[in-house]
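To keep things clear, I will list the structure first and then write my remarks on it.
The values are calculated or read from the model by the stated rules, or taken from the named source; none is laboratory data. Small disclaimer: the values here were computed from a predicted structure and weren't measured. Counting neighbours? That spans all protein chains shown, and the Cβs are built from the backbone with ideal geometry, glycine included. To get the accessible areas, we keep the full protein, side chains included, count just its heavy atoms, and leave off ligands, DNA and RNA. Shrake-Rupley method; radii C 1.70, N 1.55, O 1.52, S 1.80 Å.
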Amino acid sequence: MGEAATEILRQKGLKDEENWLELITLYQGHPSWLKIIAATIKEIYNGSVSQFLADQQHIYLGDLEHCLELHLERLSPSEKQVIHGLAHQEQPTDFSETLLDVELSKSEFLQVIKSLIRRSLIEKVEMGERSLLTLNPIFKSYIKQK
């Protein structure tokens, strides 16, 4: 994520390097997402990352929507069920609470979680002894808009 992501922003000629890490974190260092967002920032905000970030009440998806739709289309029905359940959670959710909201066996649920983590669509957040799940913020914003 680090140097490769900053190089994308540098190549696009973006300003406000002190805000690049926030932008990279928001878009999870995903190279194609950063290229799309960087082009938007260059075109609409004259390259100002700080102005783009200050102007965002919600995560901007813009031209990313097509990429996100392709991700969604490739998901199995079970994966979609978990994704939609997590999209409506405001805070990271305990594994066991999430399991109660979906109609999957524990084995199926764990397979789905592993698959979604590998695809970077959900993240496991550790809080003490507990493992919590949270949906990728970009994907979450997309799901909620649908």
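At a glance:
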item: Complete set of residues in region 48-72 that are under 20 Å from LEU21 (Cβ atoms) and either in a helix (DSSP H, G or I) or modelled with pLDDT of 90 or more (or both); result: SER48, VAL49, SER50, GLN51, PHE52, LEU53, ALA54, LEU64
item: Scan of region 83-119 for residues that are more than 27 Å from LEU23 (Cα to Cα) and either open to solvent by less than 40 Å² (accessible area, probe 1.4 Å) or in a strand (DSSP E or B) (or both), ordered by number; result: ASP94, THR98, VAL102, LEU104, PHE109, VAL112
item: Matching entry among VAL112, VAL125 (being in contact (Cβ under 8 Å) with a residue 12 or more places away in the chain and out of contact with any Pro (no Cβ under 9 Å at 6 or more places or on another chain)); result: VAL112
item: Close pairs (9 angstrom Cβ cut-off, 6 or more residues apart or separate chains): at positive phi in region 26-53, at pLDDT 90 or above and basic (Lys, Arg) anywhere; result: ASN46/LYS15; GLY47/LYS12; GLY47/LYS15
item: Selected residue (only one of GLU79, GLU65 is in contact (Cβ under 8 Å) with a residue 60 or more places away in the chain and closer than 30 Å to LEU104 by Cα); result: GLU65
item: Number of the exception - ASN136 against (1) within 25 Å of ILE59 (Cα to Cα); (2) open to solvent by 50 Å² or more (accessible area, probe 1.4 Å); (3) of a type in the set (S, T, N, Q); result: (2)
item: TYR60 vs. criteria of a type outside the set (D, E, K, R), crowded, with 18+ Cβ neighbours inside 10 Å and within 17 Å of the chain's Cα centre (by Cα); result: yes
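To keep it simple, each residue is scored yes or no on (1) closer than 19 Å to PRO137 by Cα; (2) surrounded by 18 or more Cβ atoms within 10 Å (Cβ to Cβ).
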position: ALA5; (1), (2): yes, yes
position: LEU9; (1), (2): no, yes
position: TRP20; (1), (2): yes, yes
position: ILE24; (1), (2): yes, yes
position: ALA38; (1), (2): yes, yes
position: ASN46; (1), (2): no, no
